[in-house]
1. Take residue 38 and decide whether it is under 14 Å from the mean Cα position of the chain (by Cα), closer than 23 Å to residue 78 by Cβ and without any contact (Cβ under 8 Å) to a residue 40 or more places away in the chain.
2. Return the residues of segment 50-64 that are part of a helix (DSSP H, G or I), free of Cβ contacts under 8 Å to residues at least 40 places away in the same chain and exposed (fewer than 14 other Cβ atoms within 10 Å of the Cβ); say none if nothing qualifies.
3. Residue under question is residue 21, and the condition is that it be touching a helix residue (DSSP H, G or I) at 6+ places or on another chain (Cβ under 6 Å), over 20 Å from residue 144 (Cβ atoms) and touching a residue at least 60 places away in the same chain (Cβ under 8 Å); does it hold?
4. Kindly list the number of the only condition in (1) free of Cβ contacts under 8 Å to residues at least 24 places away in the same chain; (2) under 24 Å from residue 143 (Cα atoms) that fails for residue 47.
5. Buried (at least 16 other Cβ atoms within 10 Å of the Cβ), in contact (Cβ under 8 Å) with a residue 40 or more places away in the chain and either touching a strand residue (DSSP E or B) at 6+ places or on another chain (Cβ under 9 Å) or not in a helix (DSSP H, G or I) (or both) - does that describe any residue in segment 130-138?
6. Scan segment 90-129 for residues that are in contact with a strand residue (DSSP E or B) (Cβ under 8 Å, 6 or more places away or on another chain) and loosely packed, with under 15 Cβ neighbours inside 10 Å and jot them down.
């Protein structure tokens, strides 16, 4: 594999980011950064930040940057400098993209890759309904799914344009079977 020390997985909810990012993190021995998991851990602590995050997440509203940045900084500092990082579904807004790129570059991480798992909106909806049936997640209701997909179209699509110029950028068709998508990702990175 090339010298990439940071990989961003971006895609609509239900695109398979988590599945692919976790597998790749294990394969490369990278730190797996899943913002949802980090936020759920904050919620579980039930501190002031966690309670605020819980309210926003359960209504499908993305956290403000002011709410997110302290959480990011507190966790990012714990990752050894020689260990690569895979970000699953982050950044979601242009302001977050500028912020995290500046933070990572300031930490000496300069070789970054973006993998955009491209799945059409209607496929995402179907996958999220299926996930809701299996996992019984409170944040996979019709209303929340629609809101999250709308937010992706409005707020995250501009992030892709930025990452296309700021990182090595690859569009991966996320529609095939998991193993096929995994194979496509491995070919890109090797």
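Values quoted throughout were computed directly from the atomic coordinates according to the rules given, and no laboratory measurement underlies them. These figures come from a predicted structure and were not determined experimentally. No Cβ is skipped: glycine too gets one built from the backbone with ideal geometry, and neighbour counts run over all protein chains shown.
1. Criteria met by residue 38.
2. Passing the criteria: 51, 55.
3. Against the criterion (touching a helix residue (DSSP H, G or I) at 6+ places or on another chain (Cβ under 6 Å), over 20 Å from residue 144 (Cβ atoms) and touching a residue at least 60 places away in the same chain (Cβ under 8 Å)), residue 21 does not qualify.
4. (2)
5. The answer is no, given that none of the residues of segment 130-138 is buried (at least 16 other Cβ atoms within 10 Å of the Cβ), in contact (Cβ under 8 Å) with a residue 40 or more places away in the chain and either touching a strand residue (DSSP E or B) at 6+ places or on another chain (Cβ under 9 Å) or not in a helix (DSSP H, G or I) (or both).
6. 111
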